[in-house]
Amino acid sequence: MKSIKLSAEELEQMSYADVANLVLKEKGKKMPIQDLFKQVIKIMGLPESYFENKIGDFFGLLSTDQRFIMLEKGFWDLKSNHSTKVVIEDEEEDEEIVVEDDDTDLEEEQEEEEINYDDDTVDDDDDEDDLKDLVIMDENDEQEMM
């Protein structure tokens, strides 16, 4: 691995995440968070005691920075090195569309639409009471009729 050389002015303007980004770019593969943070501390010229005091902050920083992705077993990498596979299932593909070339159905539909009703036809909405001849009987009436 090539060593990253930055001037004091550049280091002053960079965050842990910026340096971690450079380390992961240079290395070209995933790294455990502990090794990555140790590299960041070394490049930034910070004391080794800094590791135990700030590893939690470093984890939080990587978790919220969109450039990084957490992988299995504590490994981290640049998100740009990983692609996301998105599967979109189209429910319409599962349905079969049957098209019939039968002209008789079309002709029947047209005939039904062309039916004209005369004014002499009986309307079901008349005010006549269809139940006027209805007789309600109880059990006694039924026995008398027999």
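Structural remarks
- Within straight-line reach of K25, meaning a Cα separation under 19 Å, sit the following lysines at least 8 residues removed in sequence or on another chain: K2, K5, K38, K42, K79.
- Of interest is the spacing of the C-alpha centroids, which for segment 51-82 and segment 22-46 amounts to 11 Å.
- Under a model in which nothing but the beta-carbon of Lys, Arg (+1) and Asp, Glu (-1) is charged, segment 1-43 shows a dipole of about 360 debye around its Cα centre.
- Under 5 Å between amide hydrogens, built in the peptide plane, is the criterion, and for L71 it picks out W76, D77 among residues at least 5 positions away or on other chains.
- Overall form of segment 11-71 per C-alpha gyration tensor (a/c, 1.5; a/b vs b/c): rounded
- Rounded percent of accessible protein surface that carbon and sulfur make up, segment 3-50, 1.4 Å probe: 47
The values are calculated or read from the model by the stated rules, or taken from the named source; none is laboratory data. Predicted model only: the values in this text are computed from it and were never measured. Every residue, glycine as well, gets a Cβ built from its backbone with ideal geometry; the counts of neighbours run over all protein chains shown. Surface accessibility is based on the protein's heavy atoms, side chains included, excluding ligands, DNA and RNA. Shrake-Rupley method; radii C 1.70, N 1.55, O 1.52, S 1.80 Å.
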